[in-house]
1. Once each part is reduced to its C-alpha centroid, what is the distance from the stretch A:307-359 to the stretch B:8-70 in angstrom?
2. If a paramagnetic tag sat 7 Å from the Cα of A:Ala289 along the Cα-Cβ line, which residues of the stretch A:225-248 would have the backbone N under 15 Å from that point?
3. For the pairing of chain A with chain B, what total accessible surface becomes buried, with a 1.4 angstrom probe, in square angstrom to the nearest 100?
4. Output needed for the stretch B:6-80: three equivalent-ellipsoid semi-axes, defined as square roots of 5 times the C-alpha gyration tensor eigenvalues, in descending order, whole Å.
5. Mind ordering A:67-73, A:121-127, A:27-33 by average Cβ neighbours within 10 Å, highest first?
6. Just by accessible area at a 1.4 angstrom probe, what is the order of A:Leu49, A:Leu256 from largest to smallest?
7. Report, in listed order, any pair from A:Lys35/A:Lys100; A:Lys207/A:Lys293; A:Lys79/A:Lys293; A:Lys38/A:Lys310; A:Lys58/A:Lys293 with a Cα-Cα distance greater than 29 Å.
8. Quick check: the angle from helix A:359-382's long axis to the longest principal axis of chain A, C-alpha only, nearest 10 degrees?
Amino acid sequence: MTAVESDAIRRIEAEAISSRFARGWHCLGPAEKFKDGKPHTVHAFGQKLVVFTGGDGKTNVLDAYCRHMGGDLSQGTVKGDEIACPFHDWRWGGDGRCKKIPYSRRVPLRARTAAFPTMEKNQLLFVWNDPEGKQPPDDVTIPVIEGVGRDDWTQWRWTEQIVHTNAREVIDNVVDMAHFFYIHNSFPTYFKNIFEGQTAIQIMKGKSRPDARRDDGGGKGPRMLGNTSVAAYHGPSFMIDELTYHYEGYDLTSILINCHYPIDENSFSLHSGIIVQHSDKLPAAAAEATAEKLSTFILAGFQQDVEIWKNKTRIDNPLLCEEDGPVYQLRRWYEQFYVDVADVTPEMTDRFEYEIDTTRPVESWEREVEENLKRREAEEARA
Amino acid sequence: MIREDERLLDGGPLLPVRCRTCAAEVLARKASWEQTSIQWTAEAAAACHELGADPLGTCGALRSAIQEAALAGTITVLDEHTPDPSTIPHDH
Ligand code: FES
Ligand SMILES: [Fe+2]
Ligand SMILES: [Zn+2]
């Protein structure tokens, strides 16, 4: 079955981006950062938020703008368990209620601002966004990561940066096998996606690319053979990647976090985190050094994506070949976070599996790697 | 707005396949011998015994049912210019 060829020019379609933000838990970074007794300004979900930890040790997230005269609470001061506005010292509690106005006898009715539910998990701070204003259901959460806080794993190495595009671009990476070869210098040999409920999984195996210059020892040290990655989005923004690098004689086990929160519809804050497991081949100090190196490497990978995102256009109707992943089905899954809970349909959450036939990609990439090596050899001979 | 994957229109649709060991009926499509798409329903996922054990894997019995459906022509393999199906490994 082959469709009739068409002479019509393919038009790129892109609807206006909605300013509704995904329902779900969003990671703001390591929880420790927000426990310094100072208010922090966070731009997220099209708003300005204040994040502060009270004397009771609880970290809270409120709309940053004071309901009195609009002062910016994130420029204020933590006093006791509350955040005090810099303008007239009104005190706001983590529940969003004004607790005290030092110069007034009484707090007025209606003195309540927007408070976002928070959660600390895996030593990270999460904030719950819900356009319907509901509390997070108990079964919608982020799984515990086993290695976090254990002394046979490294500590989180965390990075963050602002990216000026809509967050859907980073989600699309879940299904985009080919870009791993063309922009990230990887060599996928196996690729499968599974979407089910609120999780979107990418299983990828790869081999190392002799034509990619990487400062991972280049001759000295053990040879890297390839990697196995099982990466899952839990909700709309937080991906846990169980990433194993296979070296001659041993495996390197790591957990990579790839997460973001939307700043507004045209920008997001992109975070990465990594922990590496110690082993006989990789004692504590070596594991730290490896984590450091991997973190730099991941950041370089983000830069490669950013370079593409900066220049590309938004496209609602990507034109796909059979060796591409399930972009439309991924976006169908992603849509569940942008509609009211009552409007989530089975097609958004029913299990869907898609395994790419990598025969042709692998053939073609092997040839390309070969050519790259030959060209480099010739260049070096000339030099 | 949810859009349809045009590959299903231009190439071929997902077609029903029934698992041989459980009551699960899914929709499947093969673009080539080694490519597989599987659309489950909640009922099918609940009926399958193997999914619960390993959510990352595809039910082995269902995999072979799909392979057989492809060999029997119940579902069409869109691009047959791929290796002989007998040489295809059953797992990755
Ligand atoms: S504006 Fe915040 S106390 Fe007056
Ligand atoms: Fe990427
Ligand atoms: Zn089954």
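1. 19 Å
2. Counting only backbone N, you get no residues.
3. Details: alone 20080 and 6280 Å², together 23390 Å².
Buried area between the two chains comes out at roughly 3000 Å².
4. Values: eigenvalues 91, 31, 23 Å².
Working from the Cα gyration tensor, I get semi-axes of 21, 12, 11 Å.
5. Numbers: A:67-73: 16.9, A:121-127: 22.3, A:27-33: 20.0.
The most tightly packed comes first, giving A:121-127, A:27-33, A:67-73.
6. Details: A:Leu49 0, A:Leu256 25 Å².
Reading off the accessible areas and sorting them downward yields A:Leu256, A:Leu49.
7. A:Lys79/A:Lys293; A:Lys38/A:Lys310; A:Lys58/A:Lys293
8. The two axes meet at around 80 degrees.
The values are calculated or read from the model by the stated rules, or taken from the named source; none is laboratory data. For clarity, every value in this text was computed on a predicted model and none was experimentally measured. Cβ atoms come from the backbone with ideal geometry, glycine included; neighbour counts cover every protein chain shown. Just the protein is used for accessible areas: all its heavy atoms, side chains included, with ligands, DNA and RNA removed. Shrake-Rupley method; radii C 1.70, N 1.55, O 1.52, S 1.80 Å.
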